[in-house]
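For reference, the structure is listed below as structure tokens.
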Amino acid sequence: MSLPNINPTTTNSWKKLQEHFKEVKEVHMKDLFAQDLDRANKFTIKWDDFYVDFSKNRITEETLKFLLGLADEVKLKEAIKSQFSGEVINETEGRAVMHTALRAPKSSEITVDGVNVMPEIHQVKEKIESFTNEVVNGHRKGYTGETFTDIVNIGIGGSDLGPAMVVDSLQYYKNHLTTHFVSNVDGDHVNEVIKKLNPETTLFVIVSKTFTTQETLSNANTIKSWFLKSADENDIAKHFVAVSTNIKNVKAFGIDENNIFPMWDWVGGRFSLWSAVGLTISLAVGYNNFDNLLQGAHKMDEHFKNEDFKTNIPVVLALISVWYNNFFKAETEAIIPYSQYLNQFATYLQQGIMESNGKSVDRNGNPIDYQTGTIIWGEPGTNSQHAFFQLIHQGTKLIPADFIGFTKSLHANQDHQDKLISNFLAQTEALLNGKTESEVIAEGTQKEIVPFKVFEGNKPTNTIFINKLSPESLGKLIAMYEHKIFVQGVIWNIFSYDQFGVELGKQLASKILQEFNNTAVNTHDSSTHNLLNYYKDFS
């Protein structure tokens, strides 16, 4: 069984939403709150240590009813069951989508192609645990007998963004090892990293499923050459490990076969941090914290799989996003975490969301005449308040935003935490209410300045309050957005798990690279031709 294949615009619920939109598109949320004193309670989901308030959205109970009806009509329940059952829902690549299995308990039985994958998954987890403990405890040493002080993750895309984001987010839980990430093929990037390192005390983790990714192998070979200036070929086995499926190429690089951590083709790159791709996370924060991250994600999996749609956090957030994207024609969504630890969170979600749902062809292969993926951007508050909030408050664009906050600070500085959360709460209230002309005048503003100080308000936000930033709560948060991606893909009738859009640029880059190294000339447009010659004049 494949995913349901239903054009959402042909459903009765979509037609009802179109009519309903005409009725409510000018309604101000202030009026909705005034008309229903219990609105905040009706549009809040409390689950575990999550408190999700979606009442500050331009929706009514009727809106939600129609959106939930849309979820039923596109057979979302059946789609969820298909994914968790290991069916081949990534049809264009002929694969199951089973990153959820990576965080399931050992006692689970999850089959892919008729084989229970759980024993193999937990065998790899045990290998990660053993390797992590050996490095962290100093039992595994470098070629001169020194213990490791630094870890370098070499990867790109999902092999970099996920681990880098999690390690950054869990800085509070980090051990004595210093972690570095090399991703960009920009030679200045890799050289800036290695100039700070001691080859005797550095462990390198190369993450590449195929072990052919140009950026990753270029960086790995540059680092290898640097390493061999002070060590010999036999020492590579002690300092380099790989997460890959291409054992032949990894061994040819000089890596010991015992230091190869496997991957599976039913795990997409942007959902792979839960696998051995997360080895760097485990090394940075310790295996127990890595396992807690996985356990948190599993709790969100269970919530998503079993909870009624009306109180299902990923489903509700996905439906609200569809409402803005397809009816209000809002093209972007802002992710605003009120925690500096989540500095890379929006960047991470850009890949997850935009690579998954940036599609213009439906599951029949036909062009789509409705909007699909949203543009994701954002930065932590309060910094972002002094940057792009002006546009959200008074600009001409409608920008729905997720505000993510934690009730407790990790360093227990209550004064700072109170100031942080006062801003967190004030911004969503300001975006809701705005400021009227009469309110501006009452402040004694000069008449000619009044128009510039009026805020329309009616700007939608979701508020996601979590008790504390921990490995477990971060796992839940990441999984929440993963499932939101899936729900939107089902509604839009697209394949969320392929990413052919990243291939074309790579192919053309390979052709152009050949022109740098020899006299081969490919046909280019006149702009690219001129730019190519301009570069060659300087190189």
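Remarks
Quick grid of which residues meet (1) within 30 Å of W47 (Cα to Cα); (2) without any contact (Cβ under 8 Å) to a residue 24 or more places away in the chain; (3) touching a helix residue (DSSP H, G or I) at 6+ places or on another chain (Cβ under 9 Å); (4) surrounded by 11 or more Cβ atoms within 10 Å (Cβ to Cβ):
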site	(1), (2), (3), (4)
F424	yes, no, no, yes
N433	yes, no, yes, yes
I449	no, yes, yes, no
K453	no, yes, yes, yes
G457	yes, no, yes, yes
F486	yes, no, yes, yes
Q499	no, no, yes, yes
H529	no, yes, no, yes
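Matching residues to (1) outside the structural domain of F271 (by TED's automatic domain parsing); (2) aromatic (F, W, Y); (3) more than 20 Å from D160 (Cβ to Cβ):
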| position | (1), (2), (3) |
| --- | --- |
| P314 | yes, no, yes |
| F327 | yes, yes, yes |
| I336 | yes, no, yes |
| L349 | yes, no, no |
| N357 | yes, no, yes |
| Q371 | yes, no, yes |
| I376 | yes, no, no |
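- The single condition among (1) outside the structural domain of I353 (by TED's automatic domain parsing); (2) at pLDDT 95 or above that A509 does not satisfy is (2).
- Hits in the stretch 1-55 - residues which are in the same structural domain as D369 (by TED's automatic domain parsing), exposed (fewer than 15 other Cβ atoms within 10 Å of the Cβ) and closer than 28 Å to K299 by Cβ: A40, N41, K42, K46
- Subset tally (residues that are of a type in the set (S, T, N, Q) and not in a helix (DSSP H, G or I)) for the stretch 269-321: 3
- Enumeration of residues in the stretch 11-25 that are under 10 Å from T63 (Cα atoms) and of a type in the set (F, W, Y): F21
- Matching residues in the stretch 260-289 - criterion: being more than 17 Å from the chain's Cα centre (by Cα) and among the aromatic types (F, W, Y): F261, W264, W266, Y287
- Checked against the criterion of being closer than 30 Å to K468 by Cβ, part of a loop (DSSP other than H, G, I, E, B) and without any contact (Cβ under 8 Å) to a residue 12 or more places away in the chain, the stretch 391-409 has at least one qualifying residue.
- Residues of the stretch 472-484 satisfying the condition of being buried (at least 24 other Cβ atoms within 10 Å of the Cβ) and within 12 Å of N289 (Cβ to Cβ): L474, G475
- Tally of residues being part of a loop (DSSP other than H, G, I, E, B), under 19 Å from F389 (Cα atoms) and among the β-branched types (V, I, T) across the stretch 428-445: 1
- Among (1) small (G, A, S); (2) surrounded by 20 or more Cβ atoms within 10 Å (Cβ to Cβ); (3) modelled with pLDDT of 95 or more - the single one G158 does not satisfy: (3)
- Cβ pairs under 7 Å, 6+ apart, first in the stretch 224-243 and over 10 Å from I255 (Cα atoms) and assigned by TED's automatic domain parsing to the domain that holds G254, second among the β-branched types (V, I, T) and exposed (fewer than 12 other Cβ atoms within 10 Å of the Cβ): none
Here is a yes/no grid of residues against (1) over 20 Å from I281 (Cβ atoms); (2) out of contact with any strand residue (DSSP E or B) (no Cβ under 7 Å at 6 or more places or on another chain); (3) assigned to a strand (DSSP E or B):
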position: V205; (1), (2), (3): no, no, yes
position: K209; (1), (2), (3): no, yes, no
position: E215; (1), (2), (3): yes, yes, no
position: W226; (1), (2), (3): yes, yes, no
position: S230; (1), (2), (3): yes, yes, no
position: D235; (1), (2), (3): yes, yes, no
position: V241; (1), (2), (3): no, no, yes
position: K248; (1), (2), (3): yes, yes, no
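- Considered as a group, the residues in the stretch 185-203 that are assigned to a helix (DSSP H, G or I) and of a type in the set (A, V, I, L, M) include one that is surrounded by the most Cβ atoms within 10 Å (Cβ to Cβ), and that residue is V190.
- I194 vs. criteria within 16 Å of I260 (Cβ to Cβ) and aliphatic (A, V, I, L, M): no
- Where L67 falls short, out of the listed (1) of a type outside the set (S, T, N, Q); (2) in contact (Cβ under 8 Å) with a residue 12 or more places away in the chain; (3) surrounded by fewer than 19 Cβ atoms within 10 Å (Cβ to Cβ); (4) not assigned by TED's automatic domain parsing to the domain that holds N175: (3)
- Scanning the stretch 355-382 for residues that are outside any loop (DSSP other than H, G, I, E, B) and either more than 22 Å from the chain's Cα centre (by Cα) or exposed (fewer than 13 other Cβ atoms within 10 Å of the Cβ) (or both) yields V361, P367.
- The stretch 308-324, residues that are over 19 Å from the mean Cα position of the chain (by Cα) and either surrounded by 21 or more Cβ atoms within 10 Å (Cβ to Cβ) or in contact (Cβ under 8 Å) with a residue 40 or more places away in the chain (or both): F309, K310, T311, N312, W323, Y324
- Segments classed as helices (runs of 4 or more DSSP H), wholly inside the stretch 71-170, with at least 3 members that are under 15 Å from L203 (Cβ atoms): 118-136
The values are calculated or read from the model by the stated rules, or taken from the named source; none is laboratory data. None of the values given here were measured: they were computed from a predicted structure. All Cβ positions, glycine included, derive from the backbone under ideal geometry; neighbour counts span all protein chains shown.
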